[in-house]
Every structure is written in C-alpha cells, then in structure tokens.
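**Q** This is the structure I have questions about; it appears just below.
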Amino acid sequence: MLQDWKNYQPLLIPNIPNLHRMDVYEKNGGYEQLKKVLTDSEYSPEKVTNIVKDANIRGRGGAGFSAGLKWSFMPKPDGGPRYIAANGDESEPGTFKDRQIFEYNPHLFIEGAIIAGYAMSITAVYVYIRGEYRDWINMMQKAVDDAYAKGYLGKNILGTDFSIDMYVHSGAGAYICGEESSLMESLEGKRGYPRVKPPFPAQKGLWGRPTTINNIETLANVPLVIKNGSAWYKAIGAETHPGPVLYGISGHINKPGIYEYPTGMLVSDLINEVCGGVRGGKKVKALIPGGSSTPPLRGDQLEGVRMDADSLRTAGSMMGTAGMLILDEDTDMVDFLWRVSLFYHHESCGQCTPCRDGTGFLEKTLIKIKNGEGEMRDLDLLLDLCTQMEGRTICALADAAAWPVRYTVTRFREDFEKRVKNTVYALA
Amino acid sequence: MAEIFIDNVRYEFEGKPLVLQFMLDNGLDHPFFCYHPSLSIPANCRQCYVEAGTPVFNRETNSYELDESGERVIRFFPKLMTACSLEASDGMVIKTHRTSELVKRAHKDTLEFILVNHPLDCPICDQAGECPLQIQTYKYGPEGSRFEHKKVHKPKRIKLGPRVILDAERCINCTRCVRFTDEISKSHQLTIISRGDKNYPATAPGMEFDDAYSLNTVDICPVGALTSADFRFKARVWEMNQTPGVDVTNGKGCNIDVWTRDNLVLRITPRYNAKVNDHWMPDFGREDYRRMNENRISRPEVNLDGDKIKSSWNNAELTFTEAIEDVNPSEILVIGSAFSSLEDNYAISAYFNRLGVNDVYFTPHIEAGSGDGFLISDDHYPNTNGCRALGFNEVSAAELKSKITDKSVKAIISLEDDLIGRGVINAGDLKGKFFAYFGSNNNETSKAADLVVPITCSVETISSYINVDGILQRTVPAKETIYTDRKLNLEMSLGRLDRYGTKFDNWVSDSNKVDCIPTWEFLERISRNQNSSLGFNESGDVFEAISSNIESLLGIDYNKIDELQGVQLEISSNKTEV
C-alpha cells in the first residue's frame, strides 16, 4: 500500500473549502464520531481508549509515544477535576504543521479532544498555542466558540451527562513551554521550568491533578480512528508507526510546504516527487527529518530511508515532528550548526546546569570555529560537551541541543575540519 | 529492615529517605548545591549524580534473581540519577564517585559547566572560605578550564532590599533563595528572571526585598551571589571564631552562631535546631551583634552628687553593701528581668532571700500582636518563662511602677531591664531612693542609677533561657571580658588567629574587652565580704543551685541541655497572663 501514495486522499486536512466553518464541517460528517461515542452505549470510555491504543496512534509531537497507552496511565476518576493539555506550542525550528490544523480543520482537533476527554473522564481541555501564532489563536478561539454555541462543548453535551470545557491559551514565546511539564507550569501561570519526574503528569499534572498532554495533530487523528476503526488506521502507512502525517517540508527545495501523506514515505519520494526536487537541481547535502533537534542525515545516507520511527532509527535519526529540513550541497554545515546552537542557547530555560551553561559553551565554541579561529581540538571539545549534556537534565532540551551538534560534527566533519586552523604542520 | 547498598557497603533504613539526605546522615560526603533539607527539591543543579539500580525481583519464585556467581541481578537506571530526588527502596544499589568512574566524571562535568559563567575571583569574593562551590570544586571539580570564551556578564552590586545585595554573576541559579521566600517566609518576593545563562534572582520591578527573614537567603546561598549589606567584606571566615549561642532579642530564642574576631562580634547567623528555629532566624536578631559590642558599660559607675563617675570594683562593692545595710529588708525592692539569664536572676534572688527579701518582681515585655507566629514572638524578652520558673512575681508595668514609687521602698535593685526606656517608670520615680542597676549596656535606666554594676552579656558568660515554648537553652561564651581568657576557658572556641597567633600580633588588641563580671560573681564577692559565701564559683554552680531548688528544672545540667539541644519543660499555667 505504500506504493499508492500518489492516490492518497488527505484525511487530516481534506480538500474541502471552508472546512474550518462549523456548517461545512458538520455537512462533511463533522462531530458524527462524537455523537456516536457519547450516545452509543457500546462506546464506554475504556473501549474508546482501547480502540485508540489498538490503532497505535503514535504521538506527533516528537517523542512518538503511543497515545492510547498514555491515556491508559490516567488513574481512575475520583470526582475531582482532570485535564488534557493539548500541545500546540510548536516551536521546534522546521515545524509548522499544527498551524495548518488550526487554520483549515480546527473542528477535527476539537472533536478529537472531546472524544479523548470522554475516554479519560476529563473536565477541561487547555489548548496551549504558541504566542507568535496570534492569528491562529484567534481562529482557534472562533472554532471553540462555535463548538460551544452548538453544544459540543460545555455542560451536558448532546443531552448526555458528559460535560467538558475547552480553553484556548496563548504561550508567551518560549520554546521550552512546548515541553510537557513546563507547558503545565506555564498554564498554571508560573515560570516555564520543566518539572522533575516522577510524579508523572498522569498522577500529578496541572494544579496537582491527573493530566494528559497530547499534541494537536495526535488528537486530530482520534475521530478518524473512531470513524473507521483501528484496523483501517493501522493499514495506513508504516506498520509500526501508522496513520497520516503532516510533513512540513522546508529548506532548499522547490516546493516547500505542508503535505499530508501516510507515514513511511520514502524520503526520496518526498523530496523529488512531492516537493519537486532540490532547488537548482542540486544534490541533497543533509536532511533533518523532524525538527532541528533530530540528528541530521547525510545526503548519501538517505537511500531507502522512510519517514517512520523504525526506518529513521536504523538510519541514525528520529521521526520527531516530521518537520523536514533539506539542505543542499552548497550549505556550510558550520554556519548551519551554529545557528541551531544559537537557538538552543537562547531558549534554554536555565534551570539545569548542563543545559544552561552547556548550550552557551557549545554556541561560543561554534562561533569560534565559524570565525576561523577554531582548532582541531575544539571539535573534540564539542563532542565531549555533548556527552556532558546528554541525559543529564530534567527535560530533554539538553539532548535536543546536543544531538544536532554531535551528529553534525561526526557526519559532516570535513566541513568543520576545513574551517579550523591547522595546528599540525608537515615538517618538510 | 529495608537495606540499601552504597558503594558496596550495606546500610539499613526505615521509611522512604532520599538517597542524598541518607548519605549525608551517614557521614558520606557527596556534592550538591540546590538541595536544602528544609526546602522543596528542584533537582536543578545536577551535581549530586549517582548510579542507581534495583534488584530484579522474580514474582514467580518470590525471590531476587541471581546471576551465576550467586549475586543479585541489579537493573541500573539507564541515566544517572540525582540522589537528592531519588527515594531509597529496598535492595537498592548506589554507586557514587567512590566506586564509579562515570559518576566521578559527571561530578566534574557539572562543576565545569557551573564554573563556565561563574567569576573565578575567589580571592576577592566575600563567600570564600565558606563557599560550597569553592569547597566542592576543590574536591570534585576539573583541574582546569576548557572555556576560552567571554563569560556572560550580569549586573553586580544590586541592592535587592535594605539588607541583601546581589552579585548576579556569581549566581549559579540553584533557586534556594526563591524557594525560601516561597516556602518558608512566604513573602514571594524573589523570582528568577530572564532565561538560560542570563538568568538571576530579582524582585518584581519597583519592589524591595524587605522580607523580615531576608538574610536567611544569604546563609543558604551556596555562592557569593547574595551577601549581607551589613557584613559584606568586613571579615574573612577563617579569621573568626564561631560559637554557639541563643538569640536574646526575642522570646523564641533562635539558636545562633556568634562570629567573633578579636572579641568583637561581627555577625550572627542561625544555627540548626529542629525544635526551635530549624535553619532560620529573623533579620533583626542578627542586628543584635551591635548591642554586644557597642555602648557597653565597662567598669562600675557611681553617682556622685549627680555626676556619673567610673569607680573601682572595690568601691562599687562597698557602695552596694553600705546601701543595703542602711535599710531594712522590708524596704528593699528587688526587680528581676525577663531579659537576663536564669543564672543572673537566680543569683540576685538567692542573695536577697538570705537577707530576708523573699519577693522578686518582674514585668514581662510582651506586645500582643507584634509577633508573626513563625520565629518572631509577641514576647520581646528571651526569658519570661525563666522568671516564671524561678517563682518571681509577675506584675504589670503599672503595678511595678506603684511598687517603685511606694514610700516604704528605700532601695531598689534592678537587673538588666530598661524600665525607663520602655516606659514602665520615669527617672523621677526613683528620686530619693537608692537605685542599683545591673546592666551590660548604657541606657536610660542606667543613667538614672546610683550604682551601675557592669555585667556580662549573653555572649560573655554561660547564660540559660527558657523560651516562649518552654525550651531551656543556654549560650556559650564567645567574647572575652578582661577577666576571661579564651585559651583557659575550655568552653570558648579558638579560631585560627587565636590558635596560631600571639598576643603581640597586630590583630590582637585588648580594647574590645569589656570590664564586667557576671551578676552571680558580683554578689558572691559581696557575700564573701560579709563572710558568707553563696557557693558560686562558676556559672555551673549557679545552675546546679537552680536545678536542685526549682522543681521544674530538677536534674537538668548544662550537659543535658547540650545533648538534647534544649530541654523541653512543662510551661507553667500562668503563661496566658499578660
């Protein structure tokens, strides 16, 4: 089935004009799945969770954790409030997919979030959207207001005893608030510092109550699974990482943009057929498969690589958010890496020592190399610093900052060696 | 009993201790910065790494799985764990820097990162010598620096509030100060501002850090970022003597350390006592060091035709004896003091009981509502419960005034209590009466006295106090008088300068020693002049007399107070009377 991607009909953002409008969405079968789940006695919350677990929707926010499994970690309801925090902070460089959902199909996400809420007996959903998305925050707020007006949100939805609220919350421009635990801190009105785990959000999340954090795109997949069943969903794309994915493709490419295709697409198909090849007919030098923190792959590593978790792991990278960045053969990887490093230096929250001071150390060393003042030993220093940062912090930002450095330096070492000063000279 | 193996040594534990605290409790040194036993655990400094693993338990055989050599199979956590946030579990195996190269390297790594943006100017830093970062860098840090770039520069000498000054560059962002204002003093005045390596603690714009407990943040700051506006750059730690004491500015009796150099008290810091003050003390208690140094009464003073003149001790003793012998015991009014120690109060009552004066009066200094329910009590004096325990008559200020102005009273003996200064009486009330005042500091009352006997203050002799909660505590002499010698008094601490210096060194002077003696010593001398010793040769004798005569203190001695870190007594029922 992977071969017929050319006939693939988009599911998350179908080709229907004005789908963001409530009437259009309802006309196209919108909120039918919610009705089915809420009114059909066959669909108990456990059953919905099991369907989603069975469908193996893997989180689209970067970690690729099974959504249904995450839902099943929630403790039994005790009468108190329980929350979903829908993560639309989307600040990883190279990632711009949730924006499309907010703009073109917000109700699919809302429906998915309500179904997820039903499955986990949630009382409120917080939609956390990055602050720079001012227009999209307004679009999302409009969609939520429409859903309230239609009675899909609020008290006693569709005449059942299930009630849920949804709040759209604006971030304030911090990358770290896309990390699930600092997103919760931020929602609580505090400084965006990631929390120490355990306790995990399912035990003690927002305001100390059970909370599940899901990506916007992950929740948008839920109505599709409910509609067509888990077997149908599992048949889409790669076996271990099924479903439709919004590929956000950018960089030195002829037709950058968001493309919806199944998982497991050949990278070469995406570059050459979907996006019309590399700009100017050049060769691919590097591919960053899923946002700037995923390890870059060399152009010659891409043969047969598919965009799913397993294939990318074998190739030496990660699926991440499927925000693909393509760099052509003229790119200087030193400049590229410095820019990525600058981003993480700027965005480190400053809580843990290895990240707070390590990101700055990396960036300053890279400036030195970029300015032609670096020495060969600085390359080893960079790798050493990565070892000192990886896995040594509360959240994964230190890893996110260290991986691009480690893999760019090791996979594109010749670029770096060209830039550093010769410190060993031939005698004769 | 649950067991844990740390560096291949077996320890037993109960409950769910945190591994770091457990190691510290068992005397195992381990580096850390952000952890503080009385605050929440953010695990943000990433210094206290250990390797941790748990044994693999086989539910089917109901036993631990063993390998070929019969050892338990240990499943280690994939990442290094911060010991501060790791709960001990039965059978857990911990590897620290002593046994694990990985942990040793991780400690080095984190310290390297901390030092990347930390100024390396220890010689001019006020924290040097008592700096956890300095100590741990020497113990666990890297040999040199690989950082060849410009450090991040941040503001220096920021006056956060009236008492605390911040050097933002030195801050290592452990957030102890922020957590202190959030969790202990609950003023929420501090927060971390900015992001990444540019961040540092600050108040909200336009706000002052004027928390009544603000100086505790200076104590818990693991670097020289927060310094006391009053103490900064006054002295090096290694020049000072650190002596345990009790705060006497307040009924709570916070445990303190008194830091002296050349017999001047330079600062007061809190000393841990779980029963009384935990790790904290209010700011104004620290100001008390001035009272110990300044405005002291040195040498006795007598009133000669309206002029105060310094007198010899012989003359003072004679004046006192004659004045007392001139009047009937029924014409003597003895006023104890809730400010003075048990020893002083007991000595004065013991002496006058012999003369047939059976009643000793005192008036407490309690202002209802002036406390905060934490470490600041309504009671402004440290020993109100002590006076009660000694059976003194507790009277109101008005009652005391009427007693003093009573025509039948011809001689008034008052133990250190500024009765005029705090408005109980005025100087005119004492006219025509002999007024002897035992005090350590000049004040309005001492000015009005006919005889001023200079007595030691709480840091010059052993003084015991019973605080508002009925806890009996004592101080240790920290400061020499001209009659005491640090090298001969085994209770007094010896600092570097005392131990290795001579009296000819230029940092030693006699000018800071006060000419004063404890109350009991003066009264013992008087008694001996009258050929009837009270039997007081040292503070311990006085306390022995107290504990054998006062039922509620029966069987207590200084050793017991030290051992128990304060003895909890039954508080008498008249506590509610104000």
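**Q** Tell me, which residue of the stretch B:81-112 that is open to solvent by 60 Å² or more (accessible area, probe 1.4 Å), within 11 Å of another protein chain (Cβ to nearest Cβ) and among the charged types (D, E, K, R) is nearest to the chain's Cα centre (by Cα)?
**A** B:GLU87
**Q** Hey, does the stretch B:218-238 have a residue that's of a type in the set (Ser, Thr, Tyr), touching a Phe, Trp or Tyr at 6+ places or on another chain (Cβ under 6 Å) and open to solvent by less than 30 Å² (accessible area, probe 1.4 Å)?
**A** No, the stretch B:218-238 has no match at all.
**Q** Okay, next question. For B:SER370, indicate whether it is within 34 Å of the chain's Cα centre (by Cα), under 22 Å from B:ILE420 (Cβ atoms) and surrounded by fewer than 21 Cβ atoms within 10 Å (Cβ to Cβ).
**A** Yes, satisfied.
**Q** Please find, among B:THR181, B:THR203, the residue that is touching a Gly at 6+ places or on another chain (Cβ under 8 Å), surrounded by fewer than 24 Cβ atoms within 10 Å (Cβ to Cβ), at negative phi and hydroxyl-bearing (Ser, Thr, Tyr).
**A** Details: B:THR181 fails: touching a Gly at 6+ places or on another chain (Cβ under 8 Å).
Going through B:THR181, B:THR203 in turn, just one is touching a Gly at 6+ places or on another chain (Cβ under 8 Å), surrounded by fewer than 24 Cβ atoms within 10 Å (Cβ to Cβ), at negative phi and hydroxyl-bearing (Ser, Thr, Tyr): B:THR203.
**Q** Taking B:LEU115 and the conditions (1) under 30 Å from B:MET240 (Cβ atoms); (2) crowded, with 22+ Cβ neighbours inside 10 Å; (3) within 13 Å of chain A (Cβ to nearest Cβ), which numbered condition does it fall short on, given that it satisfies the others?
**A** Failing condition for B:LEU115: (2).
**Q** What are the pairs with Cβ atoms under 9 angstrom where one residue, in the stretch A:185-213, is more than 14 Å from chain B (Cβ to nearest Cβ) and the other, located anywhere, is among the acidic types (Asp, Glu) and surrounded by 23 or more Cβ atoms within 10 Å (Cβ to Cβ)? Sequence gap at least six, or different chains.
**A** Within 9 Å, the pairs are A:PRO201/A:GLU180; A:GLY205/A:GLU180; A:THR211/A:GLU180; A:ILE213/A:GLU180.
**Q** Exactly one condition in (1) in contact (Cβ under 8 Å) with a residue 12 or more places away in the chain; (2) within 14 Å of another protein chain (Cβ to nearest Cβ); (3) assigned to a loop (DSSP other than H, G, I, E, B); (4) open to solvent by less than 40 Å² (accessible area, probe 1.4 Å) is not met by A:GLY391; state its number.
**A** All conditions pass for A:GLY391, except number (1).
**Q** Let me ask another. Answer with yes or no whether B:SER493 is under 26 Å from the mean Cα position of the chain (by Cα), open to solvent by 10 Å² or more (accessible area, probe 1.4 Å) and small (Gly, Ala, Ser).
**A** Working: under 26 Å from the mean Cα position of the chain (by Cα): yes; open to solvent by 10 Å² or more (accessible area, probe 1.4 Å): yes; small (Gly, Ala, Ser): yes.
So B:SER493 passes the test.
**Q** Still on this model: Would you point out which residue out of B:GLY439, B:GLY432 is assigned by TED's automatic domain parsing to the domain that holds B:VAL542 and out of contact with any strand residue (DSSP E or B) (no Cβ under 7 Å at 6 or more places or on another chain)?
**A** B:GLY432
**Q** From the set of residues in the stretch A:80-130 that are acidic (Asp, Glu) and not in a loop (DSSP other than H, G, I, E, B), which is surrounded by the fewest Cβ atoms within 10 Å (Cβ to Cβ)?
**A** Across the stretch A:80-130, the extreme among qualifying residues is A:GLU103.
**Q** Could I ask something else about it? Taking the stretch A:22-60, which residues are charged (D, E, K, R), assigned to a loop (DSSP other than H, G, I, E, B) and touching a helix residue (DSSP H, G or I) at 6+ places or on another chain (Cβ under 6 Å)?
**A** Of everything in the stretch A:22-60, just one residue is charged (D, E, K, R), assigned to a loop (DSSP other than H, G, I, E, B) and touching a helix residue (DSSP H, G or I) at 6+ places or on another chain (Cβ under 6 Å), namely A:ARG60.
**Q** Another one. Residues of the stretch A:100-130 being touching a helix residue (DSSP H, G or I) at 6+ places or on another chain (Cβ under 8 Å) and more than 28 Å from A:SER72 (Cα to Cα), which ones?
**A** A:GLU103
**Q** Separate question: Which one is farthest from A:ALA174 (Cα to Cα), of the residues in the stretch A:332-358 that are free of Cβ contacts under 8 Å to residues at least 60 places away in the same chain and away from chain B (no Cβ under 14 Å)?
**A** So, considering only residues that are free of Cβ contacts under 8 Å to residues at least 60 places away in the same chain and away from chain B (no Cβ under 14 Å), the one farthest from A:ALA174 (Cα to Cα) is A:ASP335.
**Q** Has the stretch A:167-175 got at least one residue that is of a type outside the set (Gly, Ala, Ser), open to solvent by less than 20 Å² (accessible area, probe 1.4 Å) and touching a residue at least 40 places away in the same chain (Cβ under 8 Å)?
**A** No; the residues of the stretch A:167-175 include none that is of a type outside the set (Gly, Ala, Ser), open to solvent by less than 20 Å² (accessible area, probe 1.4 Å) and touching a residue at least 40 places away in the same chain (Cβ under 8 Å).
**Q** While we're on this one: Restricting to the stretch B:269-288, what's the tally of residues that are in contact with a helix residue (DSSP H, G or I) (Cβ under 6 Å, 6 or more places away or on another chain) and within 17 Å of B:GLY251 (Cβ to Cβ)? Spell out how you get there, then give the answer.
**A** Start the filter on the stretch B:269-288 by keeping residues that are in contact with a helix residue (DSSP H, G or I) (Cβ under 6 Å, 6 or more places away or on another chain), which leaves B:269, B:280.
With the extra rule that they be within 17 Å of B:GLY251 (Cβ to Cβ), the set shrinks to B:280.
Number satisfying all stated conditions: 1.
**Q** Looking at A:LEU379, is it open to solvent by less than 10 Å² (accessible area, probe 1.4 Å), in contact with a Phe, Trp or Tyr (Cβ under 7 Å, 6 or more places away or on another chain), more than 8 Å from chain B (Cβ to nearest Cβ) and assigned to a helix (DSSP H, G or I)?
**A** Yes: the conditions hold for A:LEU379.
**Q** Considering the stretch B:40-65 alone, what residues qualify as being of a type in the set (A, V, I, L, M, F, W, C), open to solvent by less than 40 Å² (accessible area, probe 1.4 Å) and either more than 14 Å from chain A (Cβ to nearest Cβ) or in a strand (DSSP E or B) (or both)?
**A** The answer is B:VAL50, B:ALA52, B:VAL56.
**Q** Quickly run through the stretch B:320-365 and pick out the residues that are outside any helix (DSSP H, G or I), among the hydroxyl-bearing types (Ser, Thr, Tyr) and open to solvent by 20 Å² or more (accessible area, probe 1.4 Å).
**A** Residue satisfying the conditions is B:TYR361 alone.
**Q** Also, quick follow-up: Mind checking which residues of the stretch A:16-63 are without any contact (Cβ under 8 Å) to a residue 60 or more places away in the chain and crowded, with 21+ Cβ neighbours inside 10 Å?
**A** Passing the criteria: none in range.
**Q** If you scan the stretch B:169-208, which residues turn out to be within 14 Å of another protein chain (Cβ to nearest Cβ), in a loop (DSSP other than H, G, I, E, B) and within 22 Å of B:GLN127 (Cβ to Cβ)?
**A** Answer for the stretch B:169-208, where residues must be within 14 Å of another protein chain (Cβ to nearest Cβ), in a loop (DSSP other than H, G, I, E, B) and within 22 Å of B:GLN127 (Cβ to Cβ): B:CYS171, B:ILE172, B:ASN173, B:CYS174, B:THR175, B:LEU190, B:ASN199.
**Q** Turning to a different aspect of this structure: Considering the stretch A:187-205 alone, what residues qualify as being more than 28 Å from A:LYS76 (Cβ to Cβ) and in contact with a helix residue (DSSP H, G or I) (Cβ under 8 Å, 6 or more places away or on another chain)?
**A** Selection gives A:ARG191, A:GLY192, A:TYR193.
**Q** Take the stretch B:122-154 and flag every residue that is more than 8 Å from every other protein chain (Cβ to nearest Cβ), open to solvent by 40 Å² or more (accessible area, probe 1.4 Å) and part of a loop (DSSP other than H, G, I, E, B).
**A** Scanning the stretch B:122-154 gives B:GLY129, B:GLU130, B:GLU143, B:GLY144, B:SER145, B:LYS151, B:HIS153.
**Q** So B:THR481 fits all but one of (1) without any contact (Cβ under 8 Å) to a residue 40 or more places away in the chain; (2) open to solvent by 10 Å² or more (accessible area, probe 1.4 Å); what number is the exception?
**A** Evaluating B:THR481 over (1) without any contact (Cβ under 8 Å) to a residue 40 or more places away in the chain; (2) open to solvent by 10 Å² or more (accessible area, probe 1.4 Å) leaves (2) as the failure.
**Q** In addition: Could you list, in sequence order, all residues of the stretch B:66-80 that are open to solvent by 50 Å² or more (accessible area, probe 1.4 Å) and either farther than 19 Å from B:THR99 by Cβ or touching a residue at least 40 places away in the same chain (Cβ under 8 Å) (or both)?
**A** B:LEU66, B:GLU68, listed by residue number.
**Q** Okay, moving on. Out of A:ALA322, A:ALA396, I need the residue that is touching a strand residue (DSSP E or B) at 6+ places or on another chain (Cβ under 8 Å), at pLDDT below 95 and more than 9 Å from chain B (Cβ to nearest Cβ). Which one?
**A** A:ALA322
**Q** Can you tell me which residues in the stretch A:219-278 are acidic (Asp, Glu), open to solvent by 40 Å² or more (accessible area, probe 1.4 Å) and closer than 23 Å to A:GLY316 by Cβ?
**A** Correct list: A:GLU239 only.
The values are calculated or read from the model by the stated rules, or taken from the named source; none is laboratory data. Just so you know, these numbers come straight off a predicted model, no measurement behind them. For neighbour counting, all protein chains shown are included, and Cβ atoms are generated from backbone atoms with ideal geometry for every residue, glycine included. The protein model used for the area step is the full one, side chains on, heavy atoms only, and it has no ligands, DNA or RNA in it. Shrake-Rupley method; radii C 1.70, N 1.55, O 1.52, S 1.80 Å.
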